[in-house]
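Following: one structure in structure tokens, then a few remarks.
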Amino acid sequence: MARFSLTGGLFGRKGAKKAAPARSAEMTVLRPTTREPARGSGAPVLPRFNTTANDQLSPRRGDRFSVLRSKIRRAFTPSQPVADPRMFAGRQQILKTIISSIEDQRLHLVLYGERGIGKTSLLHMLAQAAHEARYIVVYTSCGANSNFDETFRAAAADIPLLFHSSYGPTTSEAEGGATLSDLLPSTPINPQQFSDLCTKLRGTRVLIMLDEFDRCESATFRRNIAELIKNLSDRLGRVQLLLAGVAGDLSEIVEHIPSIRRNILAIGLPRMTDAEVLQLVAQGERESGLTFEPAASKLVVSVAQGSPYIASLLSHHAALAALDDERTSVLAQDVAYAVDQAVEEFENRIARLSRSQVDALMEGGRAEDLALAGRVALSLNGAFAEKDLVATGEADEARARSIMKLLKDNDLIRPADLARPEAKTVSFVEEGLPTYFWISWTQKTLAAAPPQSPRTAAGSAG
Ligand SMILES: Nc1ncnc2c1ncn2[C@@H]1O[C@H](COP(=O)(O)OP(=O)(O)O)[C@@H](O)[C@H]1O
Ligand SMILES: [Mg+2]
């Protein structure tokens, strides 16, 4: 494998696309091989990083394509939340609502939504806005073993003692950099102790963000959080909590103490609108210096179905694919190639069902039906009913009924709302299934009718 192969990046192309012939000769010209053992010298050539740890391109890779490649990685970050406001698309109204409920109503916040919908990215933007307003922001990502003592001791360590009413900025303790955690006992703390401490705060406000709240397994932790919210609300504390995670588990904490409901704003983060997805692509274009042909952006929007994760993933792969072809213009065909890669990634995420079961279903002539159900589930944030299939205009009642039967007979769905069985809504048994069905079908249709582009024309001519 050539070290400087254009296909050798982290998101290598795995030979899914036919490489243009005689490319390697051109590539050698593009990428001078300083200090590289001569081909055929027998020395194994291992892949290297393109970028040094301080984000400088390594000098031997300082050609135009390396620069662009690293810009693409900054522009579309499907495996990381957005931290740079320039790359954050849409969500204006939700941010406004959250900010006003924090500052005007002093509510605590529960932000829920499926994985990849943009919760953490939104929290990052909110944290920056709060920082600007001089809030102290504590961000914690919960894990399976999160417990109250550790989490809130760490939070207290981020709050300088100078904001404690009994100390003030000129006391020796405050000047020595002490924090609220220095006032905590060495025995495990409880919600009462932490909220007592919070009521002593002056001259600042604190936002404590607990992200991935659904990952924590301890019921005691959840109960403690509910109790803390209640205490803080009763005493008009200067500390507000923001919990983010997957829906079901978050409603659970509100159930623990019904009286905290009025102190909480629960917001379900919806899928993005098409305009927001277009904005995501446009911002990435600006940052990367590549351009997406209108047909390419349109295809990203139609496949993403409002998921910023999928939009970012497709844009990322498509942009790198264009570069592999030595173009700075991204074509629909690059997006089609990106869909192939996305299918592979989603395949690997289907955990509970056997792959053979899923494949058998898809190949048994029902792929389109599954895709329709998948798309409807995605557009309704997971929970859907038979009538929603009809509402798309793509299925009549008979087909909708047969799709529901297919899903049920194969144990692909379960009741979505146990509290309201009469609503007859269902959700897929696995979060990844609707996306997988939808995107696999897209792949099939794109393979049957590949998007036309100059590259296809050039390829067939050569
Ligand atoms: N508003 C946004 N603008 C641009 N990209 C976004 C936005 N929200 C999410 N993304 C992208 O979507 C992916 C998932 O976002 P993330 O915030 O990690 O979701 P969650 O926390 O809900 O799982 C990330 O790749 C991120 O880059
Ligand atoms: Mg997240």
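Across the accessible surface of the range 355-448, with the other protein chains kept in place and a 1.4 Å probe, carbon and sulfur atoms take up 52 percent. At full extension, LYS387 and ASP158 could sit 77.4 nm farther apart than now, given 0.36 nm per residue minus the alpha carbon distance. Figure note: SER181, SER166 ranked by solvent-accessible area, largest first, 1.4 Å probe, ligands and nucleic acids not counted: SER166, SER181.
Report, to the nearest whole %, how much of the accessible area of the range 85-268 belongs to carbon and sulfur atoms, 1.4 Å probe, protein only.
Details: 4040 of 8340 Å².
Answer for the range 85-268: carbon and sulfur cover 48 percent of the accessible area.
Can you tell me the relative contact order of the range 355-448? Whole percent, Cα pairs under 8 Å, sequence separation 6 or more. Can you show the working numbers first?
Values: 94 pairs, mean separation 32.4, N = 94.
The value is 34 percent.
Cβ-Cβ distance of ASP234 and GLU422, R₀ of 41 Å, FRET efficiency by 1/(1 + (r/R0)^6): the value works out to about 0.65. A simple count of charges around ALA156, restricted to other residues whose Cβ falls under 12 Å of its Cβ and scoring Lys, Arg +1 and Asp, Glu -1, yields -3.
Modelled spin labels at GLN192 and HIS131, positioned 7 Å past Cα toward Cβ, are 3.7 nm from each other.
With all protein chains kept in place, the per residue accessible area of the range 112-253 amounts to 43 square angstrom at a probe of 1.4 angstrom. Counting Lys and Arg as +1 and Asp and Glu as -1, each charge on the Cβ, what is the dipole of the range 324-375 about the Cα centre in debye, to the nearest 20? With Lys and Arg at +1 and Asp and Glu at -1, about 400 debye.
Test of understanding: what is the full-extension gain from ARG262 to GLN92, defined as 0.36 nm times their sequence separation minus their Cα-Cα distance? Mind dumping the intermediate values first?
Working: separation 170, 0.36 × 170 = 61.20 nm, distance 2.43 nm.
Length gained between ARG262 and GLN92: 58.8 nm.
Take GLN452 and SER302, extend 7 Å from each Cα along the Cα→Cβ direction, and tell me the distance between the two endpoints in nm. Using points 7 Å along Cα→Cβ, the separation is 1.5 nm. Set the Cα radius of gyration of the range 85-268 against 2.2 N^0.38 Å, with N its number of residues, and you get 1.00. The distance separating the Cα centre of the range 184-232 from that of the range 361-423 comes to 41 Å.
So between GLU345 and ARG64, what do we pick up on full extension, going 0.36 nm a residue minus the alpha carbon distance? Could you put the intermediate results ahead of the total?
Details: separation 281, 0.36 × 281 = 101.16 nm, distance 2.89 nm.
Difference between extended and current length: 98.3 nm.
The range 96-112 and the range 268-299 have Cα centres separated by 28 Å. The magnitude of the dipole of the range 85-268, with charges of +1 and -1 set on the Cβ of Lys/Arg and Asp/Glu and taken from the Cα centre, is near 560 debye.
Within straight-line reach of LYS387, meaning a Cα separation under 18 Å, sit the following aspartates and glutamates at least 8 residues removed in sequence or on another chain: GLU368, ASP369, ASP396, GLU397, ASP417, GLU422. Between ALA295 and ARG401, the modelled labels are 4.2 nm apart [label points 7 Å from Cα along Cα→Cβ].
Which value, to two decimals, describes the C-alpha radius of gyration of the range 355-448 once divided by 2.2 N^0.38 Å? Mind showing how you got there, number by number?
Numbers: Rg = 12.6 Å, N = 94, 2.2 N^0.38 = 12.4 Å.
Computed over Cα atoms of the range 355-448, the ratio equals 1.02.
The values are calculated or read from the model by the stated rules, or taken from the named source; none is laboratory data. Model, not experiment: these values are computed from the prediction. Note: ideal-geometry Cβ built from the backbone for every residue, glycine included; neighbour counts use all protein chains shown. Accessible surface areas use protein heavy atoms only, side chains included; no ligands, DNA or RNA. Shrake-Rupley method; radii C 1.70, N 1.55, O 1.52, S 1.80 Å.
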